[in-house]
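First up is the structure itself, then whatever we jot down about it.
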């Protein structure tokens with residue numbers, strides 16, 4: 001028996017929360033469809049400065065990154081390629097910037113810290129596998 005228009009509309013309204021619930025959260029708080037395959041990147045990312053384990057001083061940390069096999073682009077797009085994207089940077093698990101370049105000054109406080117930079121696709125979601133660079137440093 002075919003559904004009436006009102007029954008079809010009611011079904012769509014009831015199914016919408018289920019469909020919206022089938023998503024994956026990005027590190028930036030957005031969502032992406034759970035079934036969408038993520039591209040594999042050709043890039044590698046390295047933290048040039050600060051050096052791993054380095055003791056630094058001051059309230060601002062100058063971070064320099066090197067990206068090989070990829071390109072940082074300013075535009076956001078759903079037309080994904082394995083070599084174009086953005087860099088997300090976090091300190092102690094908190095996002096401090098979404099870079100469109102490879103140098104960044106970030107505020108820091110005294111103590112031991114974990115710095116993580118990730119090259120992500122142009123839609124701001126991670127590649128699979130993720131392209132990460134992680135170091136620890138201390139601010140004196």
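Throughout, read-outs are computed from the coordinates displayed, never taken from laboratory work. None of these values were measured; they are calculated from a predicted model. Methodologically, a virtual Cβ is constructed for each residue, glycine included, from the backbone with ideal geometry; neighbour enumeration extends over all protein chains shown.
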Check your understanding: Label-point separation (nm) for residue 81 and residue 112, each offset 7 Å from Cα along Cα-to-Cβ?
Key -> 4.2
Study note, to complete from the structure: Semi-axes in Å, largest first, for the stretch 45-119 (Cα gyration tensor, √(5λ)) are 25, 12, 10
Exercise for review: Give, in nm to one decimal, the length gained when the segment between residue 51 and residue 94 is fully stretched (0.36 nm per residue of separation minus the Cα-Cα distance).
Suggested key: 13.5 nm
Revision key, fill the gap. Simple SL model, points at 7 angstrom along Cα→Cβ for residue 132 and residue 40; separation in nm is 1.9
Check your understanding: How many nm separate the modelled label positions at residue 71 and residue 102, each set 7 Å beyond the Cα in the direction of the Cβ?
Key -> 1.4
